[in-house]
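The block underneath contains the structure these notes are about, expressed in structure tokens.
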Amino acid sequence: MSEFLPRPCPLCGGTETRAEVQSLHRAETMAFEDVRPYWSGLSQDKRFFSYHRCADCGLLYNPVFFNGAQLGALYSNMAPNMDVVARDAIGATQRGYFERAAAQGPLAGGYLEIGPDVGYIVAEAAGRDVFDHFWLFEPNRAVHDMLRAAAGDRPVTLLPDMEDISAVPDASIGLAVMVHVLDHLLDPRAMLTRLRAKLRPGGTLMIVTHNERSLLRTLMGLRWPPFCLQHPELYNPDTMADLLGRAGYTGVRIERSRNHFPVDFLARQALEAVGIKLDRVPLPKATIGLRLGNMLSLAGTPAQATARTGVEITAAE
Ligand SMILES: [Zn+2]
């Protein structure tokens, strides 16, 4: 008997699926201890749980995945985040996300972020001097001091459990943020429903995820990095809009988001791809923004529905 968890579609509850993406060695045919070494995704030999498409709603997800206890063991043993891309490029990318949310409407009330990492967006939000309290849910305790520093002199509550946001007062949050978090969750719909109750009238939810309908996915096929052991489901603009609607959000907007890369990083990657190594040659430190396979989703509470209803998707490639 498999040690892994059979699961219905986390969006609609359906169980009828068709297989779409499978690694040569499928994780669901292996023992947990044998899958473990592939968790980080750094191995050239990719192994992941098979992705199926739900026959009812079209979500791409793993009908068999790690159970909660296995996930707990895997996440608690994560190596420190080794950034391939320079920190100023990550900072530029995340500032771009915040700018987009800020352009959505006036910011006020509480700021809530699930999985804020070292707090790039937290620092940006604290700098605006508009939020009265920061609620940060980050399991990696090693970055908690950095997060406190990022919030500056604002009141901050730091909690290690990403799934339990019950401490946050209902209807108090002006901006809730999840960057590359939602496609890691076993039950994203329950999380989004709990989160909606925390938004104040006119509050905004901003989510950044991969887009499984992106050009990059089409070009890379099986090698597309988001096909891995850490993503029990992957979204496209339609399934994201469906999920947000079912969780009670309105005014959904979905756009392709911009990732910033250092110019020298991109140049080296391009030159290495054709066999030229340029280790010692200094290249410009500027960054460039590319819309590469990610999408940014914005949604609000029903109180906003009078101002704007329906779904607007501009993420087609
Ligand atoms: Zn479904």
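The values are calculated or read from the model by the stated rules, or taken from the named source; none is laboratory data. As the structure is a computational prediction, the values presented were derived from the model and not from experiment. All Cβ positions, glycine included, derive from the backbone under ideal geometry; neighbour counts span all protein chains shown.
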Identity of the residue in segment 49-62, part of a loop (DSSP other than H, G, I, E, B) and over 18 Å from the mean Cα position of the chain (by Cα), that ends up surrounded by the fewest Cβ atoms within 10 Å (Cβ to Cβ)
55
Of all residues in segment 26-41 being modelled with pLDDT under 95 and in a loop (DSSP other than H, G, I, E, B), which is surrounded by the most Cβ atoms within 10 Å (Cβ to Cβ)?
39
From the residues in segment 1-22 that are in a loop (DSSP other than H, G, I, E, B) and among the polar types (S, T, N, Q), which one is surrounded by the fewest Cβ atoms within 10 Å (Cβ to Cβ)?
2
Segment 53-69: number of residues that are among the small types (Gly, Ala, Ser), more than 10 Å from the ligand (Cβ to nearest atom) and touching a residue at least 24 places away in the same chain (Cβ under 8 Å):
1
Just need a number here: residues in segment 192-230 that are free of Cβ contacts under 8 Å to residues at least 40 places away in the same chain, among the hydrophobic types (A, V, I, L, M, F, W, C) and within 22 Å of residue 12 (Cβ to Cβ).
1
Considering segment 118-139, residues that are of a type in the set (Asp, Glu) and surrounded by fewer than 20 Cβ atoms within 10 Å (Cβ to Cβ), and then whichever is nearest to residue 157 (Cα to Cα), we arrive at 132
Working only within segment 3-39, note down all residues that are hydroxyl-bearing (Ser, Thr, Tyr) and either in contact with a Pro (Cβ under 8 Å, 6 or more places away or on another chain) or within 15 Å of the ligand (Cβ to nearest atom) (or both).
15, 17
Do the conditions hold for residue 90, that is, is it at pLDDT 95 or above and closer than 30 Å to residue 198 by Cα?
no
